[in-house]
Amino acid sequence: MPKLENAKILIMSTNGFEQSELEYPLEHLKAAGATVHVASLDGKPVKGWDGDNWGNSVDADLKISDVKVDDYIAMVLPGGQINPDLLRVEPDAVNLVRDFVSGDKIVAAICHAPWLLIEAGVIKDREATSYPSIRTDLENAGANWVDREIAIDNGIITSRSPKDLEAFVAKIIEEVREGEHHRDAA
């Protein structure tokens, strides 16, 4: 069973991520001993959205197209409205989500980020939560939507909003400590 200290975790994002939904996991997963990389579309820094305006930039470590799934145990998808909406039309981003799920990796999506799970076709028949405004999107994709701070189904973790970040990151840490998640056939 891998220790968090030996775990490599990927955060995939582009401009417009909800500031806290990238920064909080990045900070706390690193503090727990994980190596955390940020991947963006072009490998350049990405700018967050904080409240009603643009927020801080976060440096990227690599391009999404250069990510090797086998290098990581988990992927974190921050939300906000802008970030996942831009990523879900990018084939490299959608394929990477699909590859993480089919590769038995942990995938954690918060707020609007489950849009990427929908686009990747990996959420059908799974329990999931999200920001309330995309509940119908998840249900239409075949998910069993629940209103809880965390939903986990077969290694896919979903969460509602920034107010659930502490529980979201705690669940990521717990699942990483458990190791690979061999998925049931969907």
Can you give the calculated 222 nm mean residue ellipticity of the chain, where each DSSP H run of n ≥ 4 adds -39,500 (n - 2.57) and the sum is split over every residue, rounded to the nearest 500 deg cm²/dmol?
-9000 deg cm²/dmol
Given the Cα-Cα distance of ASP104 and LYS163 and 0.36 nm per residue of separation, how much length would full extension add, in nm?
18.5 nm
Hey, of (1) 39; (2) 44; (3) 27, which did the structure itself give for percent of Cα pairs over 24 Å apart when calculated?
(3)
Please work out the average accessible area per residue across segment 136-180, using the 1.4 Å probe convention, and give it in Å².
45 Å²
Protection proxy ranking of 4-11, 147-154 - average other beta-carbon atoms within 10 Å, highest first:
4-11, 147-154
Which of rounded, prolate or oblate describes segment 95-134 when judged by the alpha-carbon gyration tensor and an a/c cut-off of 1.5?
prolate
Select from GLU174, GLU127, GLU18 the residue whose mean-square fluctuation is largest in a Gaussian network model of the chain (Cα-Cα springs shorter than 10 Å).
GLU174
Mind checking the dipole of the chain: about its Cα centre, +1 per Lys or Arg Cβ, -1 per Asp or Glu Cβ, Debye to the nearest 20?
100 debye
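With a probe of 1.4 Å, find how much accessible area segment 3-72 has per residue, and write the answer as a whole number in Å².
49 Å²
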Using amide H atoms built 1.01 Å from N in the peptide plane, name the residues 5+ places from ILE157, or on other chains, whose amide H lies under 5 Å from its own.
VAL107, ALA108, ALA109
In nm, what is the difference between 0.36 nm times the number of residues separating LYS44 and LEU62 and their Cα-Cα distance?
5.7 nm
Determine which lysines satisfy two conditions relative to LYS68: a Cα distance under 17 Å, and not lying fewer than 8 residues away in the same chain.
LYS8, LYS105
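The values are calculated or read from the model by the stated rules, or taken from the named source; none is laboratory data. This structure is a prediction, so every number in the text was calculated from the model and none was measured. Here Cβ is always computed from backbone atoms with ideal geometry, including for glycine, and neighbour counts include all displayed protein chains. For accessibility, only protein heavy atoms count, side chains too; no ligands or nucleic acids. Shrake-Rupley method; radii C 1.70, N 1.55, O 1.52, S 1.80 Å.
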